[in-house]
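Read the structure below first, then the notes.
The values are calculated or read from the model by the stated rules, or taken from the named source; none is laboratory data. The model shown is predicted, which means the values in this text are computed figures rather than measured ones. Cβ: placed from backbone, ideal geometry, glycine included. Neighbour counts: every protein chain shown.
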Amino acid sequence: MKERAEISLRELEDADVTDRYLAWFRDPEVTKFLESRDLTRDDVLRFINDSRGKRRFIWAICDAETGLHIGNVKIDVNWKHSAGELSLVIGDKDYWGRGAATRTMQLATEKAFAELGIRKIRSGLYADNHGSRKMLERAGWRLDALQRDELLRDRTPVDRLIMCAFNPGEWRTQPPEGRA
């Protein structure tokens, strides 16, 4: 078994959008269950800069020891319902099978609850993405819903699972100051 990866999260920066980063989104193994593919630097920078602020938060997933940027995690927040939608990608395949995604999900869930104060977080996935489902379950998430034939892969309907976690502590009905 590969050595476990220690993970840290920080805000994604424009400087993170390197050729190495863009290559992740051209790799069919990395993008198999993603909606984003073949991104340009301008596409990514526009998305990052349009996202900064009040409703979308994007964090770089980094190796805690080396600082190497290995992926991204994003959360879109609906302040009215105090809920968020989270997605992640581990683009650096050297970190696959090392617990990086599980640890990222744990850290991102903690940040969403502690820093953003939301009450519920969810993530949608292709029903046949068994690795992501196991990762989410290891991170303490549970199945919330099954959406039959919700997605299309090569023009063939595929079921979508919605996994979720609830804030075990206090949560706000209003966004933190400056994020309305």
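Observations, loosely collected:
- Total residues in region 10-55, condition of a type outside the set (Phe, Trp, Tyr), at pLDDT below 90 and surrounded by 16 or more Cβ atoms within 10 Å (Cβ to Cβ): 5
- Selection over region 96-110 of residues that are hydrophobic (A, V, I, L, M, F, W, C), over 12 Å from Ala5 (Cα atoms) and without any contact (Cβ under 8 Å) to a residue 40 or more places away in the chain gives a count of 1.
- For beta carbons closer than 6 Å, sequence separation of 6+ or different chains, a first residue in region 67-95 that is touching a residue at least 60 places away in the same chain (Cβ under 8 Å) and under 19 Å from Glu13 (Cα atoms) and a second that is part of a helix (DSSP H, G or I) and β-branched (Val, Ile, Thr), the qualifying pairs are Val73/Thr104; Gly91/Val30.
- Selection over region 2-16 of residues that are without any contact (Cβ under 8 Å) to a residue 60 or more places away in the chain and over 17 Å from the mean Cα position of the chain (by Cα) gives a count of 2.
- The criterion of being touching a residue at least 60 places away in the same chain (Cβ under 8 Å), surrounded by 15 or more Cβ atoms within 10 Å (Cβ to Cβ) and either under 20 Å from Val30 (Cα atoms) or among the hydrophobic types (A, V, I, L, M, F, W, C) (or both) does not hold for Ala165.
- Total residues in region 124-169, condition under 21 Å from Arg98 (Cα atoms) and of a type in the set (Gly, Ala, Ser): 4
- Matching residues in region 7-25 - criterion: being among the polar types (S, T, N, Q) and touching a Cys at 6+ places or on another chain (Cβ under 8 Å): Ser8
- Count - residues of region 80-118 that are among the charged types (D, E, K, R), part of a loop (DSSP other than H, G, I, E, B) and either crowded, with 17+ Cβ neighbours inside 10 Å or at positive phi (or both): 2
- Test: residue in region 83-95 that is in contact with a Leu (Cβ under 9 Å, 6 or more places away or on another chain), closer than 18 Å to Ile121 by Cβ and hydroxyl-bearing (Ser, Thr, Tyr): yes
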